[in-house]
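Scroll down for the structure; my scribbles are underneath it.
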Amino acid sequence: MLALLLLIVAANGAPVLAHAMLGERGAAPIDFGGRLADGRRLLGDAKTWRGLVAALAASTALAPLLGLSPLLGLAAGALAMAGDLLASFVKRRLGRPPSSRAVVLDTVPESLLPALGLMRALQLGGGEILVLIVLFGLLDALVSPLLYRLRIRRRPW
């Protein structure tokens, strides 16, 4: 469970670090500015191809250091980012602006999808999945304000 938590944290943090290092260079939005019939963006400018690639690269590179296969790391990163994109899509449908805070939506899908998708491969039970989700939420709540104070994040969440 700890290894998966670290992979999710790496996937979650890599886009933030990529933005801190590169600014807006290479930050093309995944939704290409597309809007649905309601006029709202699919995802918003904060979800970029560069961030997605950074997340996948980070989780894939970290996995062997944790004794896991790179493919499992890639899967963990992809599922974490799928959860993140799903949360962004839901927030846009609810009329929430990009990068707005929604505590449950900002952490649960990003940790639940990888946990469910990899529960057999990592032999996770329901209790471990719940602990993983809670720990990821707590880490996010503790680390995000610190990264903001260090001027790595644009917002304290």
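The values are calculated or read from the model by the stated rules, or taken from the named source; none is laboratory data. Everything quoted here is computed from the prediction, not taken from an experiment. Methodologically, a virtual Cβ is constructed for each residue, glycine included, from the backbone with ideal geometry; neighbour enumeration extends over all protein chains shown. Areas reflect the complete protein model, heavy atoms only, side chains present, ligands, DNA and RNA absent. Shrake-Rupley method; radii C 1.70, N 1.55, O 1.52, S 1.80 Å.
A few notes on this one:
- Mean Cα-pair separation over length for segment 29-157, i.e. relative contact order, pairs under 8 Å, 6 or more apart, %: 17
- Accessible surface of the chain [probe 1.4 Å, protein heavy atoms]: carbon and sulfur percent: 70
- Shape metrics for the chain, restricted to C-alpha atoms - Rg then Dmax, Å: 15.1, 46
- Rolling a 1.4 Å probe over the heavy atoms of the protein chains gives segment 59-149 an accessible area of 51 Å² per residue.
- Here the chain is assigned +1 on the Cβ of each Lys and Arg and -1 on the Cβ of each Asp and Glu. Its dipole about the Cα centre then comes out at about 580 debye.
- Nitroxide proxy distance, nm - points 7 Å out along Cα→Cβ at Arg40 and Leu142: 3.3
- Förster radius 25 Å - calculated FRET efficiency between Leu65 and Leu86, Cβ distance, rounded to 0.05: 0.35
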